[in-house]
Structure formats: structure tokens, C-alpha cells
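The values are calculated or read from the model by the stated rules, or taken from the named source; none is laboratory data. In this text the structure is predicted, and so the values were computed from the model without any measurement. Neighbour counts run over all protein chains shown; Cβ positions are idealised from the backbone, glycine included. Keep in mind that these areas ignore ligands, DNA and RNA; they rest on the heavy atoms of the full protein, side chains included. Shrake-Rupley method; radii C 1.70, N 1.55, O 1.52, S 1.80 Å.
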Amino acid sequence: MKSLRIFLPVLLAFIAMGCTHNDGDIGPWFGSWAMPAMTVDGDTPAGFDPAATVWEFQSEVVRIGLLDDRHDFAATAWGTWREADGRLYLDFTHGNGEYTAPAWLLMEPGKVLDLTIVERENRRMVLRYITPEGESVVYTLKKTW
């Protein structure tokens, strides 16, 4: 009985240590999203590879990556994001290099980009971005994990 009084609190302590939360819960945004489709004014851009771009959200950080044939990152864009009033704001003003907007997605560098959330379901999302030239770019994202 004495060993049970020692074992049970130790067991509960180990279980409680596994239940942590760092206030980084971002709900349905969290995780990795593949981009199976992209259109510019309704047409798929020449050379678009539906397996090549991933978007990853964690806390307030977003990484958009371009994958090569070996699924390594050939290019990476790091920024911050926030959602408000049916819009997604991507902030790529934090620096140069990997901290600039992804040019392969026709996103303007050095700005906070305003994307319209056209559709958002549990594992699918459609975003629209209007370029400075007035082109309508639509990104379709599918959650991978």
C-alpha cells in the first residue's frame, strides 16, 4: 500500500508534465498546407508544379517553401501572419533573403500583403491576392497535417 501511495502521485506527475500549452494555439491554421492549385486571372501559370509549394503556420509565423525534386527547400520565405475580418495578412517586412515575400507566388516584397479568404473549410482553403498590376492570383491550399 505504501508503494502505491508513492507510485500513484509520481505517475500523475508524469502525466501532467505531458499536458503543456505554450499559448501558441492558432486553431485550424496550424500545420502544413500543400498548394495543389494556383491561377492568375483564371489561368494556371506556365511551369506551375502543384507539388512544389507548401505553406506552414505555427503561432504567428508563416513559412512558404518551394520544394525541389528531392523535397528539400529550394527557396523559403519566412514572415508573420494574422487573420482579421475574412482576410489573411502576410507580413514579409522583417528583413531580406528568406524574410522576403515569395516571388514565385507573385507576391510583392517589402509589404504587408492583404489576401482575401475566399473559402476556408477544415482541410481546404482558397485565398485571393491582387497584385500591384491588378492581377487576381488565387491560391488553393490543402492541409497535409
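For the range 47-106, the spread of Cα coordinates along the three principal axes comes to 36, 25, 22 Å, biggest extent given first. The fraction of accessible area contributed by carbon and sulfur in the range 16-145 is 50 percent, rounded to a whole number (1.4 Å probe; ligands and nucleic acids excluded). Label sites at T44 and E133, each approximated as a point 7 angstrom past Cα along Cα to Cβ, lie 2.1 nm apart. Could you compute how fast the range 93-145 diffuses translationally, taking Rh as the Kirkwood radius over C-alpha pairs and applying Stokes-Einstein at 25 °C with viscosity 0.890 mPa s? Give it in µm² per second. Using the Kirkwood radius from Cα pairs, D works out to 199 µm²/s. Mark the label point 7 Å from the Cα of R87 along Cα→Cβ and return the residues of the range 105-122 whose backbone N is within less than 20 Å of it. Backbone N within reach: 106-120.
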